[in-house]
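Let me begin by presenting the structure, written as structure tokens, before commenting on it.
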Amino acid sequence: MYNSLIKFLTITGLTWFVPLVKIAAGDNVNQQLRQLFLIMGVPIFAFILFLGVWGFSAGQINTSLGAIPGPSAVWHEAGGLLADHFSERAKAEEYYQKQAERNAQKLAENPQAEIKVRPYNGQATYLDKIFTSLYTVFAGFLIASLIAVPLGLLCGMSPVINTAINPLIQIFKPVSPLAWLPIVTLVVSAVYVTTDDSWFEKSFITSAITVTLCSLWPTLINTAVGVSSIDKDLINVAKVLRLNWSTQIKKIVLPSALPYIFTGMRLSLGVGWMVLIAAEMLAQNPGLGKFVWDEFQNGSSNSLGRIMVAVFTIGIIGFILDRIMQSVQNVFAFGRTL
């Protein structure tokens with residue numbers, strides 16, 4: 001039980017709690033407290049120092065939107081955005097309740113009456129924008145993975161295909177999302193026609209495809225490297241056993257290359273999250289990127305504080321996404337060094 005819990009904490013990246021588990025198990029208390037201070041105390045102290053420097057220097061800088069907000073002002077704006085979310089949810093609940101009462105009264109007067117249920121058209125809240133961004137980045141990341149993994153397998157297994165595709169990878173890999181976005185916007189506008197029954201808005205399609213184009217390269221490259229670095233003895237055994245191509249992939253190639261594949265996917269998700277914010281700003285997809293741009297254009301006294309809230313939100317979500325992918329990577333590469 002003890003070893004299993006430590007292994008779980010290590011795989012999931014929750015190594016902060018390992019010293020506490022060891023203390024509970026009767027390990028050397030002084031040694032574990034020292035370790036706990038190193039992995040928790042030092043980062044906490046550094047963060048407190050950062051807040052102090054930020055709070056001291058913030059008021060010294062004046063911009064066109066006012067002074068740079070300090071930690072307390074940003075915290076206040078975060079609370080205001082959260083309060084706005086619950087207020088909007090209360091309005092939506094009240095709207096649907098009144099609509100249900102009107103429809104019930106209408107049916108009571110005339111059982112054959114036609115009932116219409118109209119959606120609530122209130123403003124999207126800050127939390128709604130967060131979920132929109134997450135939905136968009138995962139859509140782009142999924143498309144990128146579905147393209148990059150098979151293509152990486154082909155590149156790793158065939159030197160000819162790798163030689164043919166490698167120049168294209170080197171050309172398109174460093175292209176900025178700001179360069180892709182106008183092209184994607186024009187193509188989506190020409191190909192995708194929205195109607196009342198459309199599942200997706202053009203802004204979502206544009207942002208997701210831009211994320212795909214910028215985030216597929218790490219997965220593709222790492223998959224190809226993982227496949228090409230498979231022990232040649234395993235390949236020779238497969239040839240001796242006359243395993244067909246699909247069996248080789250399922251039994252030898254994929255299990256051996258999985259740690260590399262998940263390393264690439266972890267990098268791709270991080271790239272996709274960074275790219276998404278810029279894409280949403282220009283494509284006007286109603287996520288965090290558009291929120292930052294709208295607040296900048298708004299220019300009110302609290303706009304800068306709200307932008308800072310978005311900056312911390314983007315950073316914290318990026319950290320959480322990286323931790324999740326690292327945990328998945330550790331499951332497939334635990335005890336192995338890449």
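For LYS106 and ASN298 in one chain, what is 0.36 nm times their gap in residues minus the Cα-Cα distance, to one decimal in nm?
On the way: separation 192, 0.36 × 192 = 69.12 nm, distance 4.30 nm.
Between LYS106 and ASN298, full extension yields 64.8 nm more.
With springs only between Cα atoms under 10 Å, which of ASP128, ASP197, ASP233 fluctuates most in a Gaussian network model of the chain?
Comparing ASP128, ASP197, ASP233 in a Gaussian network model of the chain, the most mobile one is ASP197.
Under the rule of -39500 (n - 2.57) per DSSP H run of 4 or more residues, summed and divided by the residues of the chain, what mean residue ellipticity at 222 nm is obtained, to the nearest 500 deg cm²/dmol?
On the way: 14 runs with 254 residues, N = 338.
The helix contribution divided over the chain gives -25500 deg cm²/dmol.
So which residue, out of SER145, SER207, SER303, gets the largest mean-square fluctuation from a GNM of the chain using Cα contacts under 10 Å as springs?
Most flexible of the set in this elastic network: SER303.
Where in the chain are the helices, taken as whole DSSP H runs, whose Cα atoms extend 30 angstrom or more along the long axis and whose Kyte-Doolittle mean reaches at least 0.5? List each step's numbers first, then the result.
Details: long enough: 71-109 (57 Å, -1.03); 126-157 (46 Å, 1.59); 202-228 (39 Å, 1.09); 254-283 (41 Å, 1.30); 303-333 (44 Å, 1.31).
Membrane-span-like by this criterion, though nothing is claimed about a membrane: 126-157, 202-228, 254-283, 303-333.
What shape does the chain have by the C-alpha gyration tensor, where a ≥ b ≥ c are the square roots of the eigenvalues, rounded means a/c under 1.5, and otherwise prolate means a/b greater than b/c and oblate the rest? Write out the running numbers ahead of the final one.
On the way: a/c = 1.71, a/b = 1.25, b/c = 1.37.
The shape class here is oblate.
Put +1 on the Cβ of every Lys and Arg and -1 on every Asp and Glu Cβ in the range 126-333; which of GLY315, GLY152, TRP180 then has its Cα farthest towards the positive end of the dipole?
The listed residue farthest towards the positive side: GLY152.
Taking a ≥ b ≥ c as the square roots of the eigenvalues of the Cα gyration tensor of the range 163-319, is the shape rounded (a/c under 1.5), prolate (a/b larger than b/c) or oblate? Mind showing how you got there, number by number?
Working: a/c = 2.92, a/b = 2.10, b/c = 1.39.
Here the range 163-319 falls in the prolate category.
Round to the nearest 0.05 the FRET efficiency obtained for ILE115 and ASP84 when R0 = 30 Å and r is the Cβ-Cβ distance.
0.45
Measure off 7 Å from each Cα along the Cα-to-Cβ vector at ILE23 and LEU38, then give the distance between these two points in nanometres to one decimal.
1.6
Cα gyration tensor of the range 2-58, axes a ≥ b ≥ c as square roots of the eigenvalues: rounded (a/c below 1.5), prolate (a/b > b/c) or oblate?
Details: a/c = 5.55, a/b = 2.23, b/c = 2.49.
The shape class here is oblate.
For an R0 of 25 angstrom, estimate the FRET efficiency from the Cβ-Cβ distance between THR163 and PHE332 and round to the nearest 0.05. Show your work: numbers first, answer last.
On the way: r = 29 Å, r/R0 = 1.15.
My answer for the efficiency is 0.30.
Whole Å is fine, so just give me how far the alpha carbon centre of the range 15-89 lies from that of the range 120-198.
Result: 34 Å between the Cα centres.
Going highest first, how would you order 318-327, 93-102 by mean Cβ packing within 10 Å?
Details: 318-327: 15.2, 93-102: 12.0.
Put in order of decreasing packing, that is 318-327, 93-102.
With charges set only on the Cβ (+1 for Lys and Arg, -1 for Asp and Glu), what does the dipole of the chain come to about its Cα centre, in debye to the nearest 20?
Numbers: 23 positive and 19 negative charges, 235 e Å.
Rounded to the nearest 20 debye, it is 1120 debye.
Pulled fully out, how much extra length does the chain show between ILE147 and ILE171, if you take 0.36 nm times their separation in residues and subtract their Cα-Cα distance? Kindly include the intermediate steps, with their values, before the conclusion.
Numbers: separation 24, 0.36 × 24 = 8.64 nm, distance 1.74 nm.
6.9 nm is the gain from fully extending ILE147 to ILE171.
May I have the count of lysine pairs in the chain with C-alpha atoms under 22 Å apart, counting pairs 8 or more residues apart or located on different chains?
13
Since every read-out is calculated from the coordinates, none of them should be taken as a lab result. As the structure is a prediction and not an experimental result, all values here were calculated from the model. Counting neighbours? That spans all protein chains shown, and the Cβs are built from the backbone with ideal geometry, glycine included.
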